[in-house]
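The values are calculated or read from the model by the stated rules, or taken from the named source; none is laboratory data. Bear in mind that the values here come from a model prediction, so they are computed numbers and not experimental data. Cβ atoms come from the backbone with ideal geometry, glycine included; neighbour counts cover every protein chain shown.
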Amino acid sequence: MAQRGTLQTTLEFALARTIISGLGALPRPAAVAIGLLLGRIAYGLPGGLNRTGQRNLQIAFPEKSDAERQQLLRGSFENLGRLLGEFSQLPHATPEALRKLIEYDQVGLSYLREAKKNGRGIIFLTGHVGSWELLSFAWSALEYPISFLVRPIDNSRVEAMIEKVRTRFGNRAIDKKSAARQSLRVLREGGTLGILSDLNSHPNEGVFVPFFGKLACTSAGIATLALKTDAVVIPTCAVWDKQKKRYFFHGDPPVELVRTGDHRKDVELNTARFAAAMERMVRLYPEQWLWIHKRWKTRPPGEPDLYE
């Protein structure tokens with residue numbers, strides 16, 4: 001069994017390295033074009049991911065037609081393909097090239113500058129919208145390194161390869177399974193912490209708050225960190241602008257923390273505010289969100305499985 005596991009690890013790593021290095025050897029337009037093609041092929045394949053995407057879109061947009069939802073789902077797969085193509089270019093991307101590729105939201109940027117000037121910790125409240133890998137990578141290349149929470153990939157060799165790219169300009173990855181102490185230190189020292197906030201959580205890690213009108217189990221850790229450190233929580237994402245052929249770094253106003261004196265209630269209220277901020281971003285760029293993730297998998301006691 002150990003040998004079989006080693007063989008699987010080696011084969012997965014070889015495949016991942018071949019894809020990323022192969023695309024990385026191409027000019028960026030060609031790598032992104034192939035990534036888009038792979039995304040379109042994946043969209044056309046029958047299977048669980050496609051079914052999950054369709055079900056999520058039914059939950060989130062019951063008012064839309066089947067054709068409209070299919071268009072959004074196709075865009076979601078294309079966005080994943082574009083992300084793959086872009087990620088393959090990051091090992092040799094330069095700050096100069098990134099500046100040409102990215103346009104910052106100047107209003108959103110002003111919120112970050114103000115928080116940094118005041119020495120407060122900052123939480124990048126983001127999600128699987130647009131190019132989340134480019135968001136943290138380019139920020140470290142053009143502004144300053146940040147820390148970010150990750151769930152390590154099960155294949156340790158693939159994880160090491162990916163982390164080497166992510167941290168090329170000084171970013172630091174923090175394992176979500178043991179993140180509390182390190183995350184608190186980052187924020188109390190006035191650092192910046194990136195957190196993907198849009199994934200389904202287990203009941204012992206999250207609270208149920210509305211997301212697209214349906215209760216979704218959402219990580220309570222972000223609210224806990226913000227309340228303990230008085231960090232500035234700024235919703236942000238990096239999305240592809242088809243007209244300008246560039247990425248737009250979108251930043252919303254900071255989410256004001258609610259404090260009632262009841263810690264448990266405060267965690268729930270602020271988690272709901274963060275989920276609402278994330279929902280707003282998804283509604284702005286619905287074709288660039290990860291619809292194939294079972295966001296509403298964990299249900300409150302007594303509620304049926306929404307994906308059966």
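Structure notes:
- Residue list for the range 19-50, restricted to those being within 27 Å of Asn200 (Cβ to Cβ), surrounded by fewer than 19 Cβ atoms within 10 Å (Cβ to Cβ) and without any contact (Cβ under 8 Å) to a residue 40 or more places away in the chain: Ile41, Ala42, Gly44, Leu45, Pro46, Gly47, Gly48
- Of the residues making up the range 87-125, those that are closer than 12 Å to Phe249 by Cα and acidic (Asp, Glu) are Glu103, Asp105.
- One residue from Ser183, Ser140, Ser178, Ser136 being surrounded by fewer than 16 Cβ atoms within 10 Å (Cβ to Cβ) and of a type in the set (Gly, Ala, Ser): Ser178
- Thr236 being of a type in the set (Ser, Thr, Tyr), modelled with pLDDT of 95 or more, within 18 Å of the chain's Cα centre (by Cα) and surrounded by 15 or more Cβ atoms within 10 Å (Cβ to Cβ): yes
- Each residue in the range 60-105 was checked for being farther than 19 Å from Pro27 by Cα, polar (S, T, N, Q) and surrounded by 19 or more Cβ atoms within 10 Å (Cβ to Cβ), and 1 of them qualify.
- Residues within the range 260-272 that are within 19 Å of Gly194 (Cβ to Cβ) and surrounded by fewer than 18 Cβ atoms within 10 Å (Cβ to Cβ), tallied: 0
- Some residue of the range 190-201 being farther than 18 Å from Leu225 by Cα and either in a loop (DSSP other than H, G, I, E, B) or of a type outside the set (Ser, Thr, Tyr) (or both): yes
- Some residue of the range 97-112 being within 22 Å of Ala160 (Cα to Cα) and free of Cβ contacts under 8 Å to residues at least 40 places away in the same chain: no
- Enumeration of residues in the range 274-302 that are touching a residue at least 12 places away in the same chain (Cβ under 8 Å), surrounded by fewer than 15 Cβ atoms within 10 Å (Cβ to Cβ) and part of a loop (DSSP other than H, G, I, E, B): Pro300
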